[in-house]
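These notes concern the structure reproduced below.
The values are calculated or read from the model by the stated rules, or taken from the named source; none is laboratory data. Computed from a predicted structure; not experimentally measured. FYI the Cβ positions are ideal-geometry reconstructions off the backbone, even for glycines, and counts take in every protein chain you see.
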Amino acid sequence: MRIRTAALSDIGKVREENEDRFLCDDELQLYAVADGIGGLAGGGQAAEEAIAHLLALARKQSASDDWDFQALFESISQRVASLGKIIDATFGIGTTLTVARLYHKRLHLAHVGDSGCYLWRDRILEKLTLDHTLENEFKARHGRGVAVFLSPRTRNALTRCIGQVAPPEADLLMRPLRAGDRLLLCSDGITRFVRENELAQVLADTANPADGLNEIIALASDHGGHDNATGVLIFVDSV
């Protein structure tokens, strides 16, 4: 499988610290974005620990085996939770984590939180992940006939994260890959401020991942730069 990749993180125009982290490892064909939870101490440290432990665990895995991503996420979450007891014993620390592994011409995706992964294929953009927020959880309840009311101030609060006390359940997905596919992993500094039609247009028009990712980050900045914006962009040239 022949791929081209790029990764970029920008602090934005408002935040005093960049609490996003990414992994772009072409040797392992492993890619990830982690976004430390704002409002808690040590968001950047949580994201850093999650990415570092992911990479350490990945290097111990067999390159020829399917990985147990749920077990990996539980180990990463426990590691971040342990660090949280040191940084803030009362509230702890937390981060999102979205991980993509390319293996046997397939995308293996694991996800907790509100970072995201998009697949652009045949000029159609599809979001492969669901944000683990109060709003989406309550929408699911409402779909089951349960009446719910949600404050606009709390609608984006996370219901799952790496570092929480109970082991988080990761959303797992596998998709066969095709030549021409383009994959974007990104923090919510992109998903909340760059419209999907804008993302689709960039992915359709750009000739290489570095230029495409720079343009996406620039769009997030043009729309206010209200949050850290981080992405990993993967072009699948052949399978």
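Assorted remarks:
- Test: residue in region 96-108 that is free of Cβ contacts under 8 Å to residues at least 60 places away in the same chain and either outside any helix (DSSP H, G or I) or buried (at least 16 other Cβ atoms within 10 Å of the Cβ) (or both): yes
- Residue in region 56-68 that is at negative phi and buried (at least 20 other Cβ atoms within 10 Å of the Cβ) present: no
- Sub-8 Å Cβ pairs linking a first residue in region 109-137 that is on the phi > 0 side of the Ramachandran plot to a second residue that is in a loop (DSSP other than H, G, I, E, B) and of a type in the set (Gly, Ala, Ser), at least 6 apart or interchain, are 122/180, ordered by first then second residue.
- Selection of helices (runs of 4 or more DSSP H) fully inside region 155-239 by the criterion of at least 1 residues being out of contact with any strand residue (DSSP E or B) (no Cβ under 7 Å at 6 or more places or on another chain) and surrounded by fewer than 15 Cβ atoms within 10 Å (Cβ to Cβ) returns 196-205, 209-222.
- Among the residues of region 15-50, those that are of a type in the set (A, V, I, L, M), at pLDDT below 95 and surrounded by fewer than 20 Cβ atoms within 10 Å (Cβ to Cβ) comprise 40, 41.
- Counting only residues that are at pLDDT 90 or above, loosely packed, with under 12 Cβ neighbours inside 10 Å and basic (Lys, Arg), region 115-154 holds 1 of them.
- Region 47-71 residues that are under 17 Å from residue 109 (Cα atoms), paired with ones that are of a type in the set (S, T, N, Q) (beta carbon under 6 Å, 6 or more apart): 50/95; 67/61
- Out of 44, 12, one residue alone is assigned to a loop (DSSP other than H, G, I, E, B), closer than 29 Å to residue 219 by Cβ and out of contact with any Lys or Arg (no Cβ under 7 Å at 6 or more places or on another chain). It is 12.
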